[in-house]
Structure formats: structure tokens, C-alpha cells
Amino acid sequence: MAGAVGVAGVRAVARIGARPDGRGGTALPTLESQGPLAVRRTRASGSEAKVMLVGAMSGPLGGDHFTVTADVADGASLHVGSAAATIALPGQAKGEARYDVRLSVGEDGELRWLPEQLISANGSELYLTTRVALAPGARLTLREEQVLGRANEEPGRLTSRLTVLLDGRPLLDQELSSGPGAPGGWDGPAVLAGHRALGQLLVVRPEFARQPVEPRLLGPYAALTPLAGPGALVTALAPDALHLRRTLDEALRSLG
Amino acid sequence: MHLDHHHSHDGAAAVSADAHRPDGRRRALRIGLGGPVGSGKTATVAALCRALRDELALAVVTNDIYTREDAEFLLREAVLPPERITAVETGACPHTAIRDDISANLEAVEDLEDEVGPLDLILVESGGDNLTATFSKGLVDAQIFVIDVAGGDDIPRKGGPGVTTADLLVVNKTDLAPHVGSDLGRMAADAKAQRAELPVVFQSLRAEDGDGVKDVVAWVREQLTAWAA
Amino acid sequence: MSRAALLVLADGRFPAGGHAHSGGAEAAVKAGRITGAGSLEEFCRGRLHTTGLVSASLAAGAALGLDPVELDGAADARTPSPALRVAARKLGRQLMRAARATWPSPELDALAQEFPKGAHQPVVLGLAARAAGLGAEDAAYCAVYESVSGPASATVRLLSLDPFDATGVLARLTPELDRVARQAVEAARCAVGGGVAALPAASAPLLEIGAEAHAAWAVRLFAS
């Protein structure tokens, strides 16, 4: 199945739907791939179904518009990873590429959204939006990592917005713009100070409402903070993807 | 005393000097202690707390230059339970926090009354600053200016708003006078010239019986009596 | 409406507690990220386009009459650092006191009742502007200016920076202040129909991380 190709670039949508299979596991009644975006079921573990995003690494190119949706029904448990990093590249078509991620998790459902890095290659222009709708009692682990430029190149233009609603109310809303043409000061002492890898790890668990995590520094360029709701966020900057991943992994382990 | 500030916009605590709490009860008397660095403000606060804590509901707000040093001294000395001592952060300008922009101090005194009140007396200590630092009448009902003999016996002669207008001038560390060559008689005469009828207390807190602060205690009691009247 | 009311509200001497906060400059100075006028300017520019834009849009939204409780929730979601949320509410409470004493208003009273320990400062700022008879653009201007004037005056104290250099930084940023204020008001107008989710959410990771580091220091000059 090919994505729609036009002068404006490729439009592609991938959908994942997860619900309890009635035997203690999670079924995947929806698993749709399109064009360069492919989703594949991999080995499940326990009650959790596991899906890999594959093929997205060749894009998005300028003008492309990719959308990935994952809906986790009440009581279901889904893990989504990706086979490799996604690279935003300049394309033939003019204009920015868009990548929209739309996630929802029902009551007592759990989503672990742990894709590989997004790399903003020189000359690319990407607007990435991630919107998550959580029902009361939903659990979420979401990792977002950005690498600004491949080795020894200037980064592309990247704007990324992460919006998380819990029971319809905003829990976290963060946008970051980087690269040529981004609003002033993005690489300066208040924002990134020259770091080329940045990431967020968001963990939402109902029990954090009763017992929020203690705020904690994770080195000079990373912090674990309790949100104004049942969430904990790691904000981290690093010189490269490897160091960034190490910080986020350690933080996740520390949350148990 | 500045009891003539009876604003009432809507009954809520919008205005600083209002003598009543939102629930209509009379708020605590607030006394400010200011003066130069090292003159013995914190020691005087500690001595006042020890002398008065058994008979009065007391709390202290400190305004440090570097955050919490004075508050931590009082905590170490255990002059009051920790929940009765609050430190206000002043952005390196303690005189601003007690005079020009008193909002943080007002939150601190109101929070103390909310959390550990009802209180009879709140002592608001300024960070060690200079001779011109005085408290806003929106923050305190009366103020004490603390200087010491080792800072030079010409301080009363030089005057300045603190020395001249404080409701009480305390000349501290009188025991050091012979060692630093300060002339207490001259200080008293100069203070009288600057302050006319306003009271002056000479004290040493090194007295064996721990009662060196008794004159200041007596003055504070007078203020409380007037406040409760 | 009196235009001069804007000067009263925007005056750094308006007694609303700002003098004790460095806007992240103290942490950045200690970390060696602000060392002089040049890095101060880049710091202020980054803060302007992130925190400044978000604050200005919240303030403009409040001035336009958006629900302050919803705006406060939007501010929470845009402030992952608990140290910054605490600072924003402290400053909101202090501004509330000053604003109610200066421009008594039932809207301010209602918000004070809803948030006795303080709403986020930009929300209070927008309502204070409304109470003073000012508009959304005025509120946005106050917020963008505060976002850079705070760190600039703090850096004068922290580094003994030449005050003329610090003022020069602010003057050079003014065209960008205009732009960000306009952007904030446009976003706030969109939010009138489209909900507060439409407001900007520009974030500055080092301001968040630095605020957490700063909050853990035993000795510091500024409250944030």
C-alpha cells in the first residue's frame, strides 16, 4: 500500500489499536501501515503487546506529512519501539515536513512509547507534534530524544511539541525549537547552550498523585521533576545520543 | 505605633498594615529589628525569644543577605520551634524587602499566623545592612535599631534614619566599650540629641544571668500592652 | 483607560516581589553560562522567546478575559520544574497583594480566593492589567519586559556588571520584545475561540534544570 504522493510530499498514516484479549494479554485489532511507515507486531511479553515502527528512518523529507496513532483501550498494555533512529532530511518538495503522533490510553491501560532518536539533519525542516490523551488511571512511559545534526554537521530546523492531557486537563505542554531560523537564543545559555542531544522522559502513574517523585538533579544538565499532576519528567541535555540515552535509562530504572 | 492604618477594601487581607486578620481577629504585633552587620540583631532576637517564649505566642521572620544564615542560627540555638522561624529571600537587597517592596515579608508573617497562630508577637529581623535601612510602616508596627559600641562611638552623632527615627535605639555590646575605646556617655548624649524623647537602651548580652536583654523586653511588653488596648 | 497605568504596572519598583528573583540568572552565572554582557544578552533572548512568550500569552489571555483557572492549569503544564512553579505562585501572590491594593477589582478578589497561596504570576498580571484599565497588549508588554529585565538587573548585582552594559542589552532586545508581545497577543486572541491549548508552550530546558539546581543550594542571593 503506497502513501499518497503529490508535489507536497508523501502523506502516510500508521495506526495501532490495542485492547485486552480476554486471556490476560493484549490483542492488536488494528495494525495498519502505509507508505514508508510500517508497524510490525513483535514478541509479546506477559500482558503487554509489542509493536515496532520500521521504515520510518528514510523520512520524513521536506513536504512529507506522517501520522502515527496508537490507541490503548481500557486495561490493555502496549509497548511501541522503533527499529532505528528517524532522520529528518531535506526533500525535493518545498516546505517543512510534519510528523504527528497521536496517542491515547484508557483507564488502567498502559503505554510504553519508547522510539529511537529523531535526528534533525542539516537542511531539514520538521514540525513534530506529539499529543497524548490519558484517561484517569492510565499509565504512560514516553521517551522523546532529539539529536541536532548528524556527526559534525549543523542541525536542521526542528520544532517539537509534546502535549499531554490527563482526563482532559493539561498535564504537560512543552515545545522546543532549534536550528537555523528558530527563535533567538535557542542555542544560548538559557536554552541549550550548545548541547546537540536533548530528551524528555515522561512517566505518568496514578500512584504519583499520592506520592510524587522528589525533584532531583541527574548531573549538571538533567533533572527529574514532579509535574503538577501524577507525572514525573526527566529533562536532559547531552553532548550526544549515547550520553543522553544513558541518563534517561538510569532515570527510568530509578523510578522502578 | 502605627495603628491608624485601618484600610478595609473588602475584608480580605489585601492591605498590609490592617490590624485585623481576614477572620476579624486582631493580628500579631510586628516589631522590626534593623541595624548594621554584626551589631547583634540576631543575638537580640534570640534573647527576646528566650525571655518571652514561655508567656507569649512568638514567631520570627529573618531577611538574610545570603538566604537563610540568620534563620539557621536561630534554629541551631533552638530559641523557637522550627515552624515558627521563616526566612525571606531578599535578592541581595534586604533593605528593599523591608521597606520598598514588603510583599514577601507580608506573605511570611501572614503564613506564620495561618500555620502556627494565633500569635501575639512576630519579630521581623532585617539583614545586616546600613545606617539608612528602616522598616516600612506597612510591615511593622514598631522598630528597633541595633548598633554596637564596637562599630564606632560616633554612630549616634552621625544619625541617619535608623538611629534618628527608630522607636527604640539599642546600643549593644557595652561590655566591649573599654576595649574599643568607645565613650558610652558621649554615645548617650549624641543619641539624646538626635532622638529627643525616643528611648535608648544600652545593653550587653554577655551578662552571666542571661538577663542582658531585660530593658528591651520591658519595652516590647509596653508595645504589646498598647497593641492589645 | 490611562496609558500611564502601564508605567505604574511595569515599573521595576512596583512592590510585587520581583527584586528577589533573578529569572534563572543566578544559576546561569554560577554555572559559567553568563559571564558578561554578551552572554547575558543571549540568555535574555532565549528566555524572552520561551518563558517570556508563554508568560506574555498567559497574561494577554487573562487580560482578554479567558478563565484564569484554566490559564493557571496551562501555566502548570508549561512549567515542569517545581521550583519554578513555586516561584511563579509566590510572585503571583505578591503581585496579587500589590494589585488589589492599587486597583481594587472583584476579578482580582475572586482569583485571590481561588488561589490563596498564589496563582501563576502571568495570570495575575493579566488580571491586574485589566483591573488597571489596560489591555492585552499592555499585559503582554509587561510580561516580555519582566522576562528580560529581571535577569539583567540580577546580573548587575551578581557579576558587578556595568549597569550601562545591562541597560544596553535591554535596549538591543526591544525590537524582539515588540515581536514577542505581538505574537503573544495573537496567540491569546486565538485562545479566546480555540481554548488555552492554543497558547504557546515554548520551553527552555536549561532554565528548568538550572532552577532545580538553584533550589538545592544552601547559600544563594536570589529566591529563584
(request) Working only within the range A:160-191, note down all residues that are among the aliphatic types (A, V, I, L, M), open to solvent by less than 20 Å² (accessible area, probe 1.4 Å) and more than 7 Å from every other protein chain (Cβ to nearest Cβ). (result) A:LEU162, A:VAL164, A:ALA182
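Would a scan of the range C:186-201 turn up a residue that is away from chain B (no Cβ under 14 Å), out of contact with any helix residue (DSSP H, G or I) (no Cβ under 6 Å at 6 or more places or on another chain) and crowded, with 20+ Cβ neighbours inside 10 Å?
yes
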(message) For the range C:18-56: of the residues being within 18 Å of A:TRP186 (Cβ to Cβ) and hydroxyl-bearing (Ser, Thr, Tyr), which is farthest from the other protein chains (Cβ to nearest Cβ)?
(response) C:SER55
(message) Condition first: hydroxyl-bearing (Ser, Thr, Tyr), in a loop (DSSP other than H, G, I, E, B), within 12 Å of chain C (Cβ to nearest Cβ) and open to solvent by 10 Å² or more (accessible area, probe 1.4 Å). Can you find one or more residues in the range A:233-245 that meet it?
(response) no
(message) Looking at B:ILE147 and the list (1) among the β-branched types (Val, Ile, Thr); (2) farther than 30 Å from C:PRO116 by Cβ; (3) open to solvent by 10 Å² or more (accessible area, probe 1.4 Å), which single condition is not satisfied?
(response) (3)
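Which residues, counting only those in the range B:71-87, are within 11 Å of another protein chain (Cβ to nearest Cβ) and touching an Asp or Glu at 6+ places or on another chain (Cβ under 8 Å)? Talk me through it step by step, then tell me what you get.
To start, the set of residues in the range B:71-87 that are within 11 Å of another protein chain (Cβ to nearest Cβ) comprises B:72, B:87.
B:ALA87, the sole residue that qualifies.
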(message) When the residues of the range A:195-227 are narrowed to those that are open to solvent by 40 Å² or more (accessible area, probe 1.4 Å) and closer than 30 Å to C:ARG179 by Cβ, which ends up farthest from the other protein chains (Cβ to nearest Cβ)?
(response) A:ARG196
(request) Working carefully through the options A:VAL10, A:VAL39, find the one that is more than 20 Å from the chain's Cα centre (by Cα), of a type outside the set (Gly, Ala, Ser) and either modelled with pLDDT of 90 or more or not in a loop (DSSP other than H, G, I, E, B) (or both). (result) A:VAL10
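Within the range B:182-202, restricting attention to residues that are touching a Leu at 6+ places or on another chain (Cβ under 8 Å) and in a helix (DSSP H, G or I), which residue is nearest to B:ALA150 (Cα to Cα)?
B:ALA191
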(request) Could you tell me whether any residue of the range C:81-93 is within 14 Å of chain A (Cβ to nearest Cβ) and of a type in the set (S, T, N, Q)? (result) yes
(message) Out of the strands (runs of 3 or more DSSP E) lying entirely within the range A:52-123, which hold 1 or more residues that are within 17 Å of A:GLY35 (Cα to Cα) and out of contact with any helix residue (DSSP H, G or I) (no Cβ under 9 Å at 6 or more places or on another chain)?
(response) A:65-72, A:86-88, A:97-105
(request) List the number of the failed condition for C:LEU161; all other conditions in (1) over 24 Å from C:VAL69 (Cα atoms); (2) outside any helix (DSSP H, G or I); (3) within 13 Å of another protein chain (Cβ to nearest Cβ) hold. (result) (3)
(message) Go through the range B:102-118 and report how many residues are open to solvent by less than 10 Å² (accessible area, probe 1.4 Å) and in contact with a helix residue (DSSP H, G or I) (Cβ under 9 Å, 6 or more places away or on another chain).
(response) 4
(request) Of the numbered conditions (1) more than 11 Å from chain B (Cβ to nearest Cβ); (2) under 30 Å from A:GLU175 (Cα atoms); (3) open to solvent by 50 Å² or more (accessible area, probe 1.4 Å), C:GLU107 fails exactly one; give the number of that condition. (result) (2)
(request) With the checklist (1) closer than 24 Å to C:GLY17 by Cα; (2) crowded, with 23+ Cβ neighbours inside 10 Å; (3) away from chain B (no Cβ under 14 Å); (4) in contact with a helix residue (DSSP H, G or I) (Cβ under 7 Å, 6 or more places away or on another chain) in hand, flag the one item C:LEU206 doesn't pass. (result) (4)
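The values are calculated or read from the model by the stated rules, or taken from the named source; none is laboratory data. None of the values given here were measured: they were computed from a predicted structure. Quick reminder, even Gly has a Cβ in these numbers, built from the backbone with ideal geometry, and neighbours come from all protein chains shown. When the accessible area is computed, the model is the full protein with side chains, heavy atoms only, and any ligands, DNA or RNA have been set aside. Shrake-Rupley method; radii C 1.70, N 1.55, O 1.52, S 1.80 Å.
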